[in-house]
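Scroll down for the structure; my scribbles are underneath it.
Here, each number is a calculation from the coordinates, and none is a lab measurement. Keep in mind that this is a model prediction, so the values were computed, not measured. All Cβ positions, glycine included, derive from the backbone under ideal geometry; neighbour counts span all protein chains shown.
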Amino acid sequence: MKNRIILFTLLLAILTIFSSCEDLLSTASDEVTDATISERIDLFEDDLNSGNYDNVYLNFHPDMISYESYKDGSTINVGILDDDYYPFTFGTPSPDSGSGNVDVTGTFSNSVYSGTYSATMKEDGSDNWKILSLTILTTTYEGLSF
């Protein structure tokens, strides 16, 4: 009986370790996700709503001004994007036509504010769009810009 309990405990520990490894691997694969413009906005929203601010910068293009500082999630968890205002909703982006960088606009809301956002999207590789700049405006909160 004692051996069965030890064996059961050992199997449970091994399953827990494999489960943790699977979570780590799925997180790592999320970091390299190619995304259309609409998918990138959705990924950005998902990262904010998950509270995982340390991964939000992965949605930003490396050419973004202050890109390196956004690797620290606390620089994003401020103002209108503060996690106290969860949940965040970014409406489907409407792109302006053109070549090169693409400007998009859409609706924005959280638990307190609502308004619009505008973003400039830039490809980071083939068909992998990332946010180059982002501005969120509401009637009561003007001008959060990344």
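Starting with the highest mean, order 125-135, 51-61 by the number of other Cβ atoms within 10 Å, averaged over the residues of each peptide. Please list the in-between numbers first.
Details: 125-135: 17.3, 51-61: 18.9.
Descending mean neighbour count gives 51-61, 125-135.
For Asp63, neighbours were defined as the other residues whose beta-carbon sits under 14 Å from its Cβ, and their charges (Lys and Arg +1, Asp and Glu -1) total -1. Whole-Hz Karplus values for the range 58-63 come out as 5, 8, 9, 6, x, 7 Hz, taken residue by residue from phi with 6.51 cos²θ - 1.76 cosθ + 1.60 and θ = phi - 60°; glycine and proline positions read x. Annotation: amide H of His61 within the under-5 Å range of Ile131, Leu132, sequence separation 5 or more or interchain, hydrogens built in the peptide plane.
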